[in-house]
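The values are calculated or read from the model by the stated rules, or taken from the named source; none is laboratory data. Just so it is clear, the structure is predicted and the values come from calculations on it, not from any experiment. Note that each Cβ is placed from the backbone with ideal geometry, even for glycine, and that neighbours are counted across all protein chains shown.
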Amino acid sequence: MKPSVEQLENLLALRRDERPEEGYWKDFLCEFHHHQRERAVMPSGPQALFNKVSAWISEMGPSKWAYGAGLAYAAVAAMFLLNPRPAGVENEASTPVNYEEIPHAQEIQLLGQLNTSADAQGSTGEHIH
């Protein structure tokens, strides 16, 4: 939806009448020059970094410290949960398994003894007498 010519003229008329407060530009220029001087005088290197960090810490309020502590706690908890300490595993002495090989003929004989009829009761492998 495009504004009409009338609406644009009304908007421009309103803008012409709006003026900033008395002294606004003077305050703006003073603040601008103050920041320029601070940047020109500011030391460089490790001292500048230390000054920035100390200013940032001094500007933080108590709620931001609480948020930071909560985030740090959550990060440490996540680290412990995602990287658990390996459990100690004891090596037990292994014992060999004794097993006997059943000859092929004996296997066939045992299979023949199974009752696989539909009227047989019990589970497979049980002998019903």
Pair list, Cβ < 9 Å and 6+ apart or interchain, from the stretch 1-15 residues that are touching a residue at least 24 places away in the same chain (Cβ under 8 Å) and in a helix (DSSP H, G or I) to residues that are surrounded by 10 or more Cβ atoms within 10 Å (Cβ to Cβ) and of a type in the set (D, E):
none
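Consider the stretch 58-70. How many of its residues are surrounded by 10 or more Cβ atoms within 10 Å (Cβ to Cβ) and in a helix (DSSP H, G or I)?
7
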Tell me the residue from T95, T116 that is of a type outside the set (K, R), at pLDDT below 75, out of contact with any strand residue (DSSP E or B) (no Cβ under 6 Å at 6 or more places or on another chain) and assigned to a loop (DSSP other than H, G, I, E, B), please.
T116
